[in-house]
Each structure stands twice: as C-alpha cells, then as structure tokens.
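In what follows, a single structure is set out as structure tokens and then discussed.
The values are calculated or read from the model by the stated rules, or taken from the named source; none is laboratory data. Being a predicted model, the structure only gives us computed values, none of them experimental. Glycine gets a Cβ as well: all are built from the backbone with ideal geometry, and neighbour counts include every protein chain shown. Just the protein is used for accessible areas: all its heavy atoms, side chains included, with ligands, DNA and RNA removed. Shrake-Rupley method; radii C 1.70, N 1.55, O 1.52, S 1.80 Å.
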Amino acid sequence: MDAIDRVAEALDRGTRPGDAVVSHESIDLAAACRLRGRRVVAALHSVPEVSLNYLPAAHLRTIADRVDHWVTWGSLAAGRLADQLKVGPERITVSGQCVEPDDRVVRRLPGSPACLTVARVDPVKNHGLILDALAVLARRMPGIRWHMVGPSVDDAHLHGLLGRAARLGVDGMVTWHGSRDDVAAVMLGSDVSVLTSHAEGLPRATQEAMALGVPTVMPAALVRDLTHAGLPVTYEGTAPEAVAAAVETALRVAPERRAAAASWVRRTWSWERVLADWAGALADGTRDA
C-alpha cells in the first residue's frame, strides 16, 4: 500500500493527458485512478475477492467511480464486479487470454494415468483437494501419478502440502515440478488436466489443455465460460470422491469430443476476438473523478 503514492507519481511523469493506462495489478490501478485526463482500463484476472478486495474500502470506492472500463477474465468475475462494486455492464467487457499453444512437441509424463495440474502453489488453487482425490484414485489405479507444475508462492504452504501427501501415503506418486517453460508439451504428454481452485477468472491452464485436446476437470461453479462438448468434466462440492469420479469420467472422454472442444476454444479465444475486446475497452473517453 505504501507504493501507491510512488507509482502514481511515476505514472504522472511517464504519461500525459489523453493516454490510456492499463492496470493488471490493484496497486497500479489505485495509483492510476489518481491521475486526471488519462483513460484508465482495469484488467481483472480473477474475482474481486482475490484480485481487488485487499485494498481499503476508500480505494475501492474511488476505483469503482474512476475506472473508465473493465476487462474481466470470464463472466463470473464480471458478475461479482457488478454486485460488489456496482459497476454497470456497459463498463465491463468479458474477455480472456488468447490461446494458441504449441502442439509440435510432446513430453510424455510418467504414470498410468498421468494427471497434471498447472497452477501456482497457492491456497486459492486448492492443491490439498487434489492430494485427497489422488488417495482415492490410487486405491483403484496403482499406476497413477500426479504432476504439479507451477511456482510456489509460500514455502510454508508447500511444506504443508508435502506433509499432507506423506500422511495420505501418496507422496511417492506426486512430482512437484515448479515452473516449466514447456507447459504445452507436458500437457500433451498427460492424460488429464485438473484444476480444483476455490476461485478463478478464466483459467489459462484449462483453456490451453482444451485447445490441445486434453480432457479437463474443473469445479462446476467456475466453468461457465469454458463449456463445450461436455468438457471440462465438472464436480460439485469439495469431496475428494467427487473429484476422483470426475477424473475417471474425463479419462473416458471420446477423442471426437476432445477435438470438438479444442476447435471451439481456439475459435472462441482467438487473437481476433481478444484484440477486438481490447480495442473496444481502449476507445476514447475518460471518467475523471
């Protein structure tokens, strides 16, 4: 929070009236909202509870009044923004990230099946539920292996997950890869891609897996913008058995359904679509406070 003043000063020096300031982080957004004569566009990557609500109420009120346009990753984030900050729909564009994953290289992951989760190791991503579901699946699939790809943002949280895996007896079935620069290749080398997050905007990992024809699993509450041809396979609640059942269902999804979902995702989240969304968001006009 102490950085807001310094960021606002830097933005004021580095821009001029008539410029557009696009903010992907809430501290930058709070700073941009102090400027006059600039168009302020906010990119909301997740629901406000995750992306915005650590700011004090006074800052949130200023942001709600001052931002000219919002681009939200998914309709769930748009709905929460409208409800919580009372932002009108005319100021919100529901969009996401373009997905054109490289499908030329395959890196086969060990396991039968080889399950993959691409997500930073953070409490909101709910890796603990995955470990619980793995313990259920391991009783029926002794060859199963789970691959966690993504950086850890909290060492204490990661150590807690390692301990949980050991207590469940699945620590030898889990590989924590950390960050990788070949995510598309390992997706193509997996049998199923799974997210169990508490909250998401429009998860790129699921978009990319679907675009590559990999079966996917997600919570039913978060899937509204990514449903096609029965993918992702969804589950309700937080029971490990429900996640395990969804994984087993996803492993049986027919190739033609996976191909249909891949084609749909690549069309829906193409560069043309995303750039058109941003062109509208960056149109002239400001809402100076």
Residues in the range 163-182 that are closer than 16 Å to T117 by Cα, open to solvent by less than 60 Å² (accessible area, probe 1.4 Å) and either of a type in the set (A, V, I, L, M) or in contact with a helix residue (DSSP H, G or I) (Cβ under 6 Å, 6 or more places away or on another chain) (or both): how many?
-> 4
Candidate set from the range 122-144 (those that are basic (K, R) and over 23 Å from the mean Cα position of the chain (by Cα)); member that is least open to solvent (accessible area, probe 1.4 Å) = R140
Test set (1) open to solvent by 50 Å² or more (accessible area, probe 1.4 Å); (2) assigned to a loop (DSSP other than H, G, I, E, B); (3) touching a residue at least 40 places away in the same chain (Cβ under 8 Å) - G213 fails condition number | (1)
For the range 233-255, the count of residues that are surrounded by fewer than 15 Cβ atoms within 10 Å (Cβ to Cβ) and without any contact (Cβ under 8 Å) to a residue 12 or more places away in the chain equals 4
Single condition A221 does not satisfy, out of (1) more than 22 Å from L81 (Cα to Cα); (2) part of a helix (DSSP H, G or I) = (1)
